[in-house]
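Undergrad: Have a look at this one.
No lab work stands behind these numbers, since they all come straight from the coordinates. Owing to the predicted nature of the structure, the values given are computational and were not obtained by experimental measurement. No Cβ is skipped: glycine too gets one built from the backbone with ideal geometry, and neighbour counts run over all protein chains shown.
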Amino acid sequence: MRREKGRKSRKRVCSFCVDKIDAVDYKDVARLRRFVTERGKIIPRRISGNCARHQRQVTAAIKRARLVALLPFSAEQ
């Protein structure tokens, strides 16, 4: 994807920092689904816009939610 000359892309802000959430909860499935693709992959930080601290917490929370069967490991076929 190319940008037009003179246009800068806007930096995405961390949604957890905006909402002033300190710790990501694995039971908050609605929020965690936003960071998982329809194939079941975790969305990387450069696309999601999370800060490094919260991205690590999101990744751990998604993996924990998968083990407890709140989120699927892969896409349903």
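Undergrad: Go through 41-50, 7-16 and give me the packing order, highest mean Cβ count within 10 Å leading. Walk me through the numbers on the way to the answer.
TA: Values: 41-50: 14.9, 7-16: 11.0.
In decreasing order of mean packing, 41-50, 7-16 become 41-50, 7-16.
Undergrad: While we're looking at this one, here's another question. Show that you can apply the helix-only estimate: for the chain, add -39,500 (n - 2.57) for every DSSP H stretch of four or more residues, divide by all residues, and state [θ] at 222 nm to the nearest 500. Write out the running numbers ahead of the final one.
TA: Working: 4 runs with 29 residues, N = 77.
The helix contribution divided over the chain gives -9500 deg cm²/dmol.
Undergrad: Applying a 10 Å radius around every beta-carbon, put 51-61, 66-76 in order of their mean neighbour count, most first. Intermediate results must be reported in sequence, preceding the final value.
TA: Numbers: 51-61: 17.1, 66-76: 11.4.
Going from most to least packed, we get 51-61, 66-76.
Undergrad: With +1 on each Lys and Arg Cβ and -1 on each Asp and Glu Cβ, how big is the dipole of the chain about its Cα centre, in debye rounded to the nearest 20? Present the calculation step by step, with values, prior to reporting the outcome.
TA: On the way: 22 positive and 7 negative charges, 134 e Å.
Dipole about the Cα centre, nearest 20: 640 debye.
Undergrad: When only Cα pairs under 8 Å and 6 or more residues apart are kept, what is the percent relative contact order across region 15-67?
TA: Values: 34 pairs, mean separation 24.3, N = 53.
Taking the mean separation of contacting Cα pairs over the length of region 15-67, I get 46 percent.
Undergrad: Oh, and also: Lys/Arg Cβ at +1, Asp/Glu Cβ at -1, dipole of the chain taken about the Cα centre: which of 13, 40, 72 is farthest positive-ward?
TA: Positive-end residue among those listed: 13.
Undergrad: Let a ≥ b ≥ c be the square roots of the eigenvalues of the Cα gyration tensor of the chain; is it rounded (a/c under 1.5), or, if not, prolate (a/b larger than b/c) or oblate? Numbers along the way, then the final one.
TA: On the way: a/c = 3.13, a/b = 1.54, b/c = 2.03.
Oblate, because a/c is 1.5 or more while a/b does not exceed b/c.
Undergrad: Angle, helix 52-67 long axis vs. longest principal axis of the chain, Cα atoms, 0 to 90°, nearest 10?
TA: Tilt relative to the chain: about 30 degrees.
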